[in-house]
1. Out of segment B:134-155, which residues are at the interface with another protein chain (Cβ under 9 Å from one of its Cβ atoms) and of a type outside the set (Lys, Arg)?
2. Looking for something modelled with pLDDT of 95 or more and under 21 Å from A:Thr167 (Cα atoms) - is there at least one such residue anywhere in segment A:112-120?
3. If you check B:Val215, B:Val243, B:Val219, which single one turns out to be farther than 23 Å from B:Gly62 by Cβ and of a type in the set (Val, Ile, Thr)?
4. Filter segment A:301-320 for residues that are under 29 Å from A:Tyr190 (Cβ atoms) and open to solvent by 10 Å² or more (accessible area, probe 1.4 Å) and give the result.
5. Given the options A:Asp278, A:Asp309, A:Asp265, A:Asp285, name the one that is within 14 Å of another protein chain (Cβ to nearest Cβ) and without any contact (Cβ under 8 Å) to a residue 24 or more places away in the chain.
6. Regarding segment A:246-269, can at least one residue be identified that is outside any helix (DSSP H, G or I) and charged (D, E, K, R)?
7. For segment B:104-116, what are the residues that are within 20 Å of B:Ala228 (Cα to Cα), among the hydrophobic types (A, V, I, L, M, F, W, C) and open to solvent by less than 70 Å² (accessible area, probe 1.4 Å)?
8. Determine if segment A:196-219 includes at least one residue that is over 30 Å from A:Ala405 (Cα atoms), open to solvent by less than 10 Å² (accessible area, probe 1.4 Å) and assigned by TED's automatic domain parsing to the domain that holds A:Gly283.
Amino acid sequence: MQRTTSRQTLAVLATAVTGSLVLAACGGAGGPSSGGGKISDGKVVIGLLNDQSGVYKDLSGPNSKVAIQMAIDDYKAKYGDKAVAKDIEIVAADHQNKPDVANTKAQEMYDRDKADIILDVPTSSAALAVATQAKAKKKLFIDIGAGTTALTGAQCNKYTFHWAYDTYMLASGTGAALVEGGGKNWSIVYPDYAFGQDMTKSFTAAVERAGGTVQQKIATPFPNENFATFITKAGSSKPDVIGIMAAGGDLVNFVKQYNQAGMADKAKLAVGLMFITDIHSLGVDQFKGTTFTDAWYWNFDAQNKAWADKFKAKTNTRPSFAHAGNYSAAFNYLEAVQAAGTDKSDDIVKQLEGKKINDMFLRNGEVRAADHNVIHDVYQVKVKSKDQVKEEWDYEEVVKTIPAADAYGPANPACKMG
Amino acid sequence: MPPARPERAAYRAGPKLENNRTAPTTGSHMTAFIQYTLQGLALGGFYALAALGLAVIFGVLGVVNFSHGACYMLGAVGAAVLLDATGLGFWWALPLMTIAMFLFGVLMERLLVQWLLRLDPLYNFLLTFGLTLLLVDVVKRKYGVSGLPYPLPAGLDGRITLGAVSLSTYQVFAAVFSISVCLAVWLVLTKTRVGMIVRASTEDAERSRALGINVSRWVTPVFGFGIALAGLAGVLRAPTGSVTADMGSFFIIILFAVVVIGGLGSILGAVVAGFLVGLVEAYGQGYAGRFSQVFIFMLMALVILVRPSGLFGREEAAS
């Protein structure tokens, strides 16, 4: 019968599709690219390469273009007729969190769009791909969105800077703070891919430096929906602190199920990397009391707040630290162009290296010449409880400011600046 | 496991033995096993419900509905939007979103799916695949990618503890609820007149017509019903998982594994395979961490090797 054959075909088809999708799922979401731009010399072209459609879209994405435009406006307002860069253009592209796409887009930006600098680039593997391009083309790259310490370590180069945060700083902030607060025994749950492994390594080192112990390191598949059994396992060693190194949807899944498992009463929750957009999407209730390290918080002081208000007027939302970081990187780049009187990469590098910066984003900031890590004060924060929240996005309570040197440690010895 | 073992061993062997943790005994192993089993069963109930709609639609229409994950997502996102816009919580969302998704399914069948039913099944597969991309992107555009908040319903936020094992009240509720729905669907399809008509229409549409049954009349509601089940599963998931545009994209893969293991189109198969997959995932998480999902697909491969039509697949497909 016809029917029989089609059923068979479908069974085979469904099986094949299921299998191939498993492979495809590792890739991440696709989406339209908004790349392109006019070729024009005599122009400063800033390339924004980030996730414009996938999981990291909200925490940086298209709104980072707004932030960079704000930097351009502020630069023009500051220097007026004396501005060296009169014509400044932004080109934005979607790298879909894939290193191969990031690699191609970076080439396009540097070659075709004549980008003088590329900004942002979340996703560590994608950032490392762009760093390689920057080195080859001798063009600037300031990373904001990615966390890997390799950018300022083994894979550092003259044209690459790392502006906002890295896994070392996240770990030393949160790890040390919780151990000092009595959280000696840790269980760490992490997604089994580069970022999760890197974070786990950094956190283990930080916890042990502070005198604590990591009793369990539990690898989970990525992505993962159900964490109930992982949570049971993590709790089985009766830890003081459970650290979760997942991000995005997985983090939300974990935290919801962690609360439902009643773990919140038994162990403190430490989140490796959290963006304010995560708290917003899950609601403060779920994260109540959670400790993490933030590179910047919009409601920290009047200066931050003023910038956040301007940002809100344009985007109708509050900025994450990545938005503020993009602003700061773009603005300081333009300042360097102004000081150098040119946009030649080598001159800009000279301007930036060793520069001490205090601005809206960087407090006690320094562009460390040895490894191009831009170190600055960071913040140990606690998520507020619902009744403490006075307005939308008012989610964080800054417990402590961690001085730049403590947060970032010494310059990475693995970095050999060529 | 590999990263944990040397760590712990080194720690215990070290001179500063200051942890007061008791070494794992046979008893605690047993407790852990029971705990994993219960978690697996709870998860399995949910998988069964989510896969049921897929099985029903395939069984009755012969359509591999790839948009099942997207419809599941719509159920969850719809519940979150409903809560945000009107303040109607979980208990309202369960019936309202189910009805809304039923209507959505009816529209989908009338406007799109029905035109391709006579063609190669591949066409409907591609149609629903395209529809998935569309729905996911529309939701992304409207609600962003980082997801929507959805709280636990009041009264279900506690724990149920029996001796040394305990499960969250919501987990138990979701499992019991899912199993009840599966049971009800099975009863309707096997024990009622409507169920018999639907089954007869799928077994042999020509002869059913000859006997005076209006076959095409049942196709639309059945499709809507399958979609409604996906939406229901989405609502059920919302309090305990992330509510994002992408939540169905990975989930659909697990669901396909479930229906392939159970046998495409078999309702009993979907339920049994749902529990099997739930258990395999829980044991995997408990004993092999990062590989927990791999086992699901190994199980799938094994079942296909031994019984190509799945555990409860129809014999005709096995020839």
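1. Our first condition is that a residue be at the interface with another protein chain (Cβ under 9 Å from one of its Cβ atoms); within segment B:134-155, this holds for B:136-137, B:140, B:144-152.
B:Val136, B:Asp137, B:Gly144, B:Val145, B:Ser146, B:Gly147, B:Leu148, B:Pro149, B:Tyr150, B:Pro151, B:Leu152, listed by residue number.
2. Checking segment A:112-120: at least one residue is modelled with pLDDT of 95 or more and under 21 Å from A:Thr167 (Cα atoms).
3. Numbers: B:Val215 fails: farther than 23 Å from B:Gly62 by Cβ; B:Val219 fails: farther than 23 Å from B:Gly62 by Cβ.
When all the criteria are applied, what remains is B:Val243.
4. If the condition is that a residue be under 29 Å from A:Tyr190 (Cβ atoms) and open to solvent by 10 Å² or more (accessible area, probe 1.4 Å), then A:Arg318 is the only one that fits.
5. Details: A:Asp278 fails: without any contact (Cβ under 8 Å) to a residue 24 or more places away in the chain; A:Asp309 fails: within 14 Å of another protein chain (Cβ to nearest Cβ); A:Asp285 fails: without any contact (Cβ under 8 Å) to a residue 24 or more places away in the chain.
Result of the check over A:Asp278, A:Asp309, A:Asp265, A:Asp285: A:Asp265.
6. So in segment A:246-269, the residues outside any helix (DSSP H, G or I) come out as A:246-247, A:261-262, A:266-269.
From what's left, charged (D, E, K, R): A:266, A:268.
Yes, segment A:246-269 has at least one match.
7. Here is the first cut: in segment B:104-116, the ones within 20 Å of B:Ala228 (Cα to Cα) are B:104-114.
When the remaining residues are screened for being among the hydrophobic types (A, V, I, L, M, F, W, C), the result is B:104, B:106-108, B:111-113.
Correct list: B:Phe104, B:Val106, B:Met108, B:Leu112, B:Val113.
8. If we filter segment A:196-219 for residues that are over 30 Å from A:Ala405 (Cα atoms), which is where we start, we get A:218-219.
Filter once more, keeping what is open to solvent by less than 10 Å² (accessible area, probe 1.4 Å): A:218-219.
Those left that are additionally assigned by TED's automatic domain parsing to the domain that holds A:Gly283: A:218-219.
For segment A:196-219, residues over 30 Å from A:Ala405 (Cα atoms), open to solvent by less than 10 Å² (accessible area, probe 1.4 Å) and assigned by TED's automatic domain parsing to the domain that holds A:Gly283: present.
The values are calculated or read from the model by the stated rules, or taken from the named source; none is laboratory data. If you're wondering where the values come from, they're calculated on a predicted model, not measured in any experiment. Heads up, the Cβs are rebuilt from the backbone with ideal geometry, glycines too, and the neighbour counts pull from every protein chain shown. Quick note on the areas: whole protein, heavy atoms, side chains included, nothing else; ligands and nucleic acids left out. Shrake-Rupley method; radii C 1.70, N 1.55, O 1.52, S 1.80 Å.
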